[in-house]
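Chemist: Following this message is one structure expressed as structure tokens.
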Amino acid sequence: MCGIVGVLGNHEAAPILIEALKRMEYRGYDSAGIATISSNGTLECRRTVGKLVNLSDHLVHAPLQGKAGIGHTRWATHGAATKNNAHPHQAKSVAVVHNGIIENYRELRAFLANEGIAYQTDTDTEIVALLTQHYLDQGQDPAQAVQTTLAQLEGAFALCFLFMNQNDLIIAARKGSPLAIGHGDGEMFVGSDAIALAPMTDQITYLEEGDHAVITRAGAEIFDENGQRANREIRQVHIDGAEIEKAGYKHFMAKEIAQQPVVIGDVLNAYMSAEDNAITMDLKGIDFTKIERLSLVACGTAYLSCLVAKYWFERYARLPVDVDIASEFRYREAPFVPGTVAVFVSQSGETADTLAALRYAKGKADMILSLVNVPESSIARESDVAVPIHAGVEVSVASTKAFTCQLTTFALIALRAARERGHLDDNKMEKYLNDLRKLPGLISHALSINDEVETVARALAEANDVLFLGRGQMFPLALEGALKLKEISYIHAEGYASGELKHGPIALVDQATPTVVMAPHDALFDKTVSNMQEVMARGGKVLLIADSKACKEAGEGVWKSLIMPESPEMLQPILYAIPAQLLAYHAAIARGTDVDQPRNLAKSVTVE
Ligand code: AGP
């Protein structure tokens, strides 16, 4: 996804735009640019390739004046990360920044070619600037020209328009990608999210699907998808500035890993009563005795939290669960049996694949439930019930505290379901809830092996390929360990069910390919020992992540081991996320990659 920002201010816009883009750089960082309207009405752009710092440097030598402006930080969808493809895209008298995909841009490009209008870039976004200019040239005013243009666009977009000779006008539009308007004191702002606008204002209006807004310093006129005036709520959205700073850590990822004992405590406090052993989460009347099936849908790490949750719902609540990758879900045309609740998990609440899957399920599932980290996000707002995961702002592209908070939230829901469906008596419920209360302390204990992990990670970083193995509820953790490692260190890593090793992946085992085995001492441990022996018998190096009992039983042949605290079985998938995160973090540092903003990635992918 990309980050977009707009300012109608009483001060020079360029520095404000840059600061806002800094807070959105996690959304995409292939290129960046700004445009301003100078005091004499001139519309000018500055664009650079790569990180935002390159644009800041460029502006030192080629400053832009003006108190009205728009800005953009890009995650490339159409067209390479070049200066020519960077936003803003400018036609003669209009500049535009865009987050999303214009799906019919080729047809529109042909339409303009017939009008003799040439295309200069490889992007889809340029079509928006050229079309708007085309209608301006036909005598339409900016608002009309934008409306005519919007009516022709198909796909997903958040757009901000700036016009020559108009230093008190920004037009913003939203369809499929989030966009917020910030209300200042005689100033107005636009941003992809409240984080971008936090230092300027906490008075935020979220545009709804299909809205566009004509904004001046006096305020915003908002129109719905039918062109009718719409009143959208101005809400106070408080973003603690400290949440979006590194607070002394070298990387956001390190900070967010370290925050897990506290934020998991926040989840438990939010949803467990201190007095009695009740789970107080407001599920708006969901009655688990009437639910026949759960359909869990998500992407990436959020999807892996669903795979863990499947074990819990089926084991403790005896509730059948389907789990789908969001981008596959709606195309397999899954039949919905009566009594199905569809659950969508998304840290950002804006992932396009997950949002599209939610919209597919609407009207088919009995109810739409979501677990999100951004309560005002699109997925939250389109759900019947949205359950916040209380992870706090997660900036680093690699999802860490959101994952463990998703799991903790799921654990509580699974126990609630088990209780309601009569599979947990008071004593057992008390035991499980008391186990959960140990989680923050156990996570802190797990974090204490950081130095040992760092040493192992340096050795692991020399490999080009790594296998991760896990059984049962630890299988999704093997997948998560592989995802974490590959996405921030760029080491090729694959997660497998331990039992699957002999059915193919063992062909990869050799001296150069370490195998990471995540195996607390549980009922399946003996089988996992066999898998480890199979690896070591072929010269493979095993890194065992397990409790001390398991490490002792595994014997001398293990290459390296990381000892975890003993823990109740239900908590193990949450706890073992910590060494997986730390392993990836330190391997990435050893490899010198950009931990918080890995190449090609973005924090939330708002395009399908
Ligand atoms: C996880 O480390 C990745 N950054 C990515 O897989 C992420 O989990 C996925 O894109 C889903 O994002 P969401 O939770 O915001 O929907």
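The values are calculated or read from the model by the stated rules, or taken from the named source; none is laboratory data. Quantities reported herein were computed from a predicted structural model and do not represent experimental measurements. Cβ coordinates were reconstructed from backbone atoms using ideal geometry, including for glycine residues, and neighbour counts include every protein chain displayed. Note: areas computed on protein heavy atoms with side chains; ligands, DNA, RNA excluded. Shrake-Rupley method; radii C 1.70, N 1.55, O 1.52, S 1.80 Å.
Chemist: Could you rank the peptides 434-443, 224-233 by their average count of other C-beta atoms within 10 Å per residue, with the highest value first?
Modeler: 434-443, 224-233
Chemist: Round to the nearest 0.05 the FRET efficiency obtained for N84 and D510 when R0 = 60 Å and r is the Cβ-Cβ distance.
Modeler: The computed FRET efficiency comes out at 0.85.
Chemist: Among the lysines, which fall within straight-line cross-link reach of K502, defined as a Cα-Cα distance under 29 Å, with same-chain neighbours fewer than 8 residues apart omitted?
Modeler: The reachable lysines, counting only those whose Cα sits under 29 Å from K502, are K310, K484, K486, K527, K541, K549, K552, K560.
Chemist: Mind ranking 576-582, 519-525 by how tightly packed they are, going by the mean number of other C-beta atoms within 10 angstrom, highest first?
Modeler: 576-582, 519-525
Chemist: Also, I was wondering about something else. In region 101-163, what percent of the accessible surface is made up of carbon and sulfur (1.4 Å probe, ligands and nucleic acids excluded)?
Modeler: The computed percentage sits at 44.
Chemist: Within the chain, which DSSP H helices have Cα atoms that stretch 20 Å or more along the helix axis and a mean Kyte-Doolittle hydropathy of at least -1.0?
Modeler: 300-316, 401-420, 475-489, 577-591
Chemist: For every other residue with a beta carbon closer than 11 angstrom to the beta carbon of S38, add +1 if it is Lys or Arg and -1 if Asp or Glu, then tell me the sum.
Modeler: Residues near S38 contribute -1 overall.
Chemist: Moving on to the next point. At what distance in angstrom do the alpha carbon centres of region 292-320 and region 29-84 lie from each other?
Modeler: Going from one Cα centre to the other spans 44 Å.
Chemist: So, one more: Mind grabbing the base-10 log of I(q)/I(0) for the chain at q = 0.08 Å⁻¹? Debye formula, identical points on the C-alpha positions, no solvent, two decimal places.
Modeler: The Cα Debye sum returns log10 ratios of -0.59.
Chemist: Through the Karplus equation 6.51 cos²θ - 1.76 cosθ + 1.60, θ set to phi - 60°, convert the phi angles of region 592-606 into ³J(HN,Hα) values in whole Hz; use x for Gly and Pro.
Modeler: Each residue's phi maps through the Karplus curve to give x, 7, 8, 4, 7, 9, x, 4, 6, 9, 8, 5, 9, 9, 8 Hz.
Chemist: Over all distinct alpha-carbon pairs, what is the Kirkwood Rh of region 399-529 in angstrom?
Modeler: Taking the inverse mean of 1/r over all distinct Cα pairs, region 399-529 comes out at 16.9 Å.
Chemist: Another one. State the Cα centre-to-centre distance between region 144-175 and region 225-245 in whole Å.
Modeler: Centre-to-centre (Cα) distance: 19 Å.
Chemist: Please report, as a whole percent, how much of the solvent-accessible surface of region 382-472 comes from carbon and sulfur atoms (probe radius 1.4 Å).
Modeler: 44
Chemist: Quick one: pull the percent of accessible area on region 241-315 belonging to carbon and sulfur, 1.4 Å probe, ligands and nucleic acids left out.
Modeler: Ligands and nucleic acids excluded, carbon and sulfur reach 52 percent.
Chemist: Once amide H atoms are built 1.01 Å from N in the peptide plane, which residues 5 or more positions from H78, or in another chain, come under 5 Å H to H?
Modeler: D124
Chemist: Here's something else I'd like to know. Using θ = phi - 60° and the Karplus relation 6.51 cos²θ - 1.76 cosθ + 1.60, list the HN-Hα couplings for region 328-344 in order, rounded to whole Hz, with x at every Gly or Pro.
Modeler: Taking θ as phi minus 60°, the curve returns 9, 3, 6, 8, 8, 6, 4, x, 9, 7, x, x, 9, 9, 9, 10, 10 Hz for region 328-344.
Chemist: Sticking with this structure for a sec: How far is it, in nm, from the label point at S39 to the one at A459 when both lie 7 Å from their Cα along the line to the Cβ?
Modeler: 6.7
Chemist: Around A361, with a cut-off of 14 angstrom between Cβ atoms, what is the net charge of the other residues, counting Lys and Arg +1 and Asp and Glu -1?
Modeler: -2
Chemist: Tell me, what ³J(HN,Hα) does each residue in region 279-288 have, in order and in whole Hz, if you take phi through Karplus 6.51 cos²θ - 1.76 cosθ + 1.60 with θ = phi - 60° and put x for Gly and Pro?
Modeler: Values per residue, Gly and Pro as x: 9, 9, 4, 7, 9, 6, x, 4, 10, 5 Hz.
Chemist: Now, a different point. Cα atoms only, region 127-216: Rg and Dmax in Å?
Modeler: Using the Cα atoms of region 127-216, the pair Rg, Dmax is 13.3, 40 Å.
Chemist: Rounded to the nearest 0.05, what FRET efficiency do A242 and N114 give with R0 = 60 Å and r taken as the Cβ-Cβ distance? Could you check?
Modeler: With R0 = 60 Å, the Cβ-Cβ based efficiency is 0.65.
Chemist: Something else: Restricting to DSSP loop positions (anything but H, G, I, E, B) with no more than 12 other Cβ atoms inside 10 Å of their own Cβ, which GluC sites (Glu not before Pro) remain in region 316-377?
Modeler: Answer in residue order: E333.
Chemist: Out of M164, A81, N450, whose Cα points farthest toward the positive end of the dipole of the chain (charges: +1 Lys, Arg; -1 Asp, Glu; placed on Cβ)?
Modeler: Checking the options against the dipole of the chain, the answer is N450.
Chemist: Using the Cα centre as the reference, give the magnitude of the dipole from point charges on the C-beta atoms of region 514-591 (Lys, Arg: +1; Asp, Glu: -1; all else neutral), rounded to the nearest 20 debye.
Modeler: Here the size comes out at about 380 debye.
Chemist: Summing Lys, Arg as +1 and Asp, Glu as -1, what charge do residues with Cβ under 10 Å from the Cβ of V297 carry, V297 excluded?
Modeler: -3
Chemist: Here's something else I'd like to know. What Rg and what Dmax come out for region 406-479 when only alpha-carbon atoms are used, in angstroms?
Modeler: Over region 406-479's Cα set, Rg and Dmax evaluate to 17.3, 51 Å.
Chemist: Continuing with this model, one more query. Solvent-accessible area per residue for the chain at a 1.4 Å probe radius, Å²?
Modeler: 37
Chemist: Using the Cα centre of region 454-608 as the reference point, and only Cβ charges (+1 on K/R, -1 on D/E), how large is the resulting charge dipole? Debye, rounded to the nearest 20.
Modeler: The dipole of region 454-608 has a size of about 220 debye.
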